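Report on one structure; see the data block that follows.
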Amino acid sequence: MARHNHHYRPKRSCPECGGALRIRDGWSKHALLHFEYVQCQNSECGAVYRVQREFTHIVSPTGKPNPTVNLPRAPGSALKPVSIDASQLQLIIPGE
Ligand SMILES: [Zn+2]
């Protein structure tokens with residue numbers, strides 16, 4: 001399990017209070033599944049969440065295919081410019 005830091009900011013806000021979230025830790029379970037702990041920056045809230053980010057489809061084909069990755073092609077209707085952060089981020093309540 002490789003742990004590493006990230007320098008991007010999550011675009012989702014705290015589900016409880018709407019405050020800004022900051023990533024505290026992140027790790028990859030495998031190439032297609034990534035977890036993060038994010039903490040609400042609102043001092044009156046302070047909630048910490050576990051976030052799951054999963055690659056589900058490939059929208060535009062790669063020029064450097066990885067033989068261990070076999071993502072399904074996205075349906076034609078999904079071929080639109082969407083932010084991976086906004087579309088793939090799922091918030092999971094700790095302790096679930
Ligand atoms: Zn909050």
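Within the stretch 29-51, can you find the residues that are loosely packed, with under 15 Cβ neighbours inside 10 Å and closer than 29 Å to Pro75 by Cα?
Listed by number, the residues that qualify are Lys29, His30, Ala31, Leu32, Leu33.
Taking strands (runs of 3 or more DSSP E) that fall entirely within the stretch 7-96, which contain at least 3 residues that are modelled with pLDDT of 90 or more and of a type outside the set (Phe, Trp, Tyr)?
21-30, 33-40, 48-54
Scan the stretch 14-29 and report the pairs whose first residue is more than 15 Å from Gln52 (Cα to Cα) and more than 8 Å from the ligand (Cβ to nearest atom) and whose second residue is not in a strand (DSSP E or B) and not hydrophobic (A, V, I, L, M, F, W, C), with Cβ atoms within less than 6 Å and a gap of 6+ or a chain change.
Within 6 Å, the pairs are Ala20/Gln41.
The values are calculated or read from the model by the stated rules, or taken from the named source; none is laboratory data. Bear in mind that the values here come from a model prediction, so they are computed numbers and not experimental data. Cβ sites come from the backbone with ideal geometry, for glycine too, and all protein chains shown count toward neighbours.
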